[in-house]
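One structure is given below, encoded as structure tokens.
Please treat every number below as a calculation from the coordinates, not as lab data. Keep in mind it's a predicted model, so treat the numbers as computed, not measured. FYI the Cβ positions are ideal-geometry reconstructions off the backbone, even for glycines, and counts take in every protein chain you see.
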Amino acid sequence: MLKLCAVEDIENPGSKGFRNEKGHLFAVRRDDEIYVYENSCPHLGINLEWHENQFLDMEKRLIQCATHGALFLMDTGECIAGPCPGDKLTAIPSEIRNGVVYLP
């Protein structure tokens, strides 16, 4: 298991980027739920964030690609607007134990 971060290290709602042996990843948090994805837009394969750790839109409801503005659902990674509708971000399995996010 690879320790990613404490749940409390991610704003609620919010996002945080990571670079480790699993690659470029990011996690998004909404309430007690954490979702982890590869940091790669399905449209061009580029990183998504606007600035460090900023993967969400202004309302902090959707994941947003900084390059073309594609919008993705936080819980499924499905693109609902922009140049890649129907595509999905690549989800990374994770689990929370004692307030810490781990990757298998």
query: Of (i) 0.94; (ii) 1.08; (iii) 0.99, which one was derived for Rg/Rh (Cα atoms, Kirkwood Rh) from the structure shown?
result: (i)
Computed E for residue 33/residue 66 - FRET, C-beta separation, R0 30 angstrom, nearest 0.05: 0.80
task: Counting other beta carbons within 10 Å of each Cβ, put 74, 1, 58 in order, fewest first.
output: 58, 1, 74
- request: Kindly provide the GluC sites (Glu not before Pro) of region 23-104 that DSSP labels as loop, not H, G, I, E or B, and whose Cβ sees at most 13 other Cβ atoms within 10 Å.
  value: 52, 59
message: Order these by the 10 Å Cβ neighbour count, fewest first: 65, 84.
response: 84, 65
task: Could you tell me the distance between the Cα centroids of region 12-41 and region 83-104, to the nearest Å?
output: 7
Charge tally in the Cβ shell below 12 Å around residue 18, where Lys, Arg are +1 and Asp, Glu are -1, residue 18 excluded: -1
- prompt: By how many nm would the segment from residue 102 to residue 8 lengthen if fully extended, with 0.36 nm per residue of separation less the alpha-carbon distance?
  reply: 32.5 nm
